[in-house]
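The values are calculated or read from the model by the stated rules, or taken from the named source; none is laboratory data. Note that the structure is a prediction, hence the values are computed from the model and not measured. Using ideal geometry, Cβ is built from the backbone for each residue, glycine included, and neighbour counts are taken over all protein chains shown.
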Amino acid sequence: MNKAVSKSWRFLTAIILIFSGIALERIGTIEYLSDPFELKYTFSLVLQHIWMVAASMAIATTLGLLIGIIFTRPGFKRFSGLMMYIVGLGQTIPSLAVIALSMSVLGVGYQTAIFALFVYSILPIARNTLAGINSVPKWIIDAARGMGMSNFRILFDVELPNAMKVILTGFRIALVINIGTAALAFLIGAGGLGEHIFPGIDLMRPDKLLAGAIPTTLLALLADYMVKICSLFLIPKGIRLKEEEK
């Protein structure tokens, strides 16, 4: 049964790829990217896009983890709801408005785009870190404490490994959102694949539009897949096997 499903899925994927190739040829995207200058330019836009996403995600991940960890500690736990509300303010504002507000303070360029993307990405990481650590069964923590483990070791050897699946889910959501939102950086002169997408819309050129939209989609899919691969190393094997048995 599984083999039949696998073969059917491969056949369907092949059909989709064939028809997608034909559509891209007719629209003119393949011809557009066949130009060595345009191909090199598109590759540079991809690198700009990746740089903005990587920088903003590094900041969002660092602060998101710190916030999630700090506000699960006994002395700060009662303020966790207020902190999540503050962190979540960025998500309540449309992405264009976040970029516009950031531009009014920081001006145009990379720094504004990175800050706006950071604001838009931190909530899923912070919230899932908080939820993941709080969901660790109390008896596991009590057992670790009974074995003489310090609070520091309990955090890194017990709480974070058990919460890692939830944390990675938040990171994956934030990463995919970040990649899609980064296309708006074009509007403030920060480059990225939006350099193809928005002029393609304005000039009514679907070939140029797709030359930016397709790499953006592929980057999001690749990032999602890479997070799944990383989960094999970050989530303890025993927890992964337990999840597979359910």
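Output the number of residues of region 197-238 satisfying the condition of being loosely packed, with under 12 Cβ neighbours inside 10 Å and either farther than 29 Å from residue 165 by Cα or not assigned by TED's automatic domain parsing to the domain that holds residue 181 (or both). Adding up the residues that qualify gives 3.
Filtered by the rule that a residue be closer than 17 Å to residue 178 by Cβ and not in a helix (DSSP H, G or I), region 76-99 gives 88, 93, 94. Please work out if residue 167 is under 15 Å from residue 55 (Cα atoms) and in a helix (DSSP H, G or I). So residue 167 does not fit the description; no.
Tell me whether region 79-99 contains one or more residues that are modelled with pLDDT of 85 or more and hydroxyl-bearing (Ser, Thr, Tyr). Looking through region 79-99, at least one residue is modelled with pLDDT of 85 or more and hydroxyl-bearing (Ser, Thr, Tyr). For the residues 101, 117, the requirement of being within 29 Å of residue 160 (Cβ to Cβ) and among the aliphatic types (A, V, I, L, M) singles out 117. Selection of first residues in region 30-50 that are in contact (Cβ under 8 Å) with a residue 60 or more places away in the chain and of second residues that are loosely packed, with under 12 Cβ neighbours inside 10 Å, restricted to Cβ pairs under 8 Å at least 6 apart or on distinct chains, gives the following pairs, ordered by first then second residue: 31/25. Residues in region 92-124 that are closer than 30 Å to residue 74 by Cα, of a type in the set (Ser, Thr, Tyr) and surrounded by 13 or more Cβ atoms within 10 Å (Cβ to Cβ): 120, 121. Taken across region 199-206, residues that are under 17 Å from residue 56 (Cα atoms), touching a residue at least 60 places away in the same chain (Cβ under 8 Å) and assigned to a helix (DSSP H, G or I) do not occur at all.
Within the option set 73, 153, 172, 127, being surrounded by fewer than 19 Cβ atoms within 10 Å (Cβ to Cβ), at negative phi, out of contact with any Gly (no Cβ under 6 Å at 6 or more places or on another chain) and part of a helix (DSSP H, G or I) holds for one residue only, 153. What pairs can you find where one residue is in region 116-145 and within 30 Å of residue 183 (Cβ to Cβ), the other is not in a helix (DSSP H, G or I), and their Cβ atoms are less than 7 Å apart, with a gap of 6+ or different chains? Within 7 Å, the pairs are 123/88; 130/71; 130/72.
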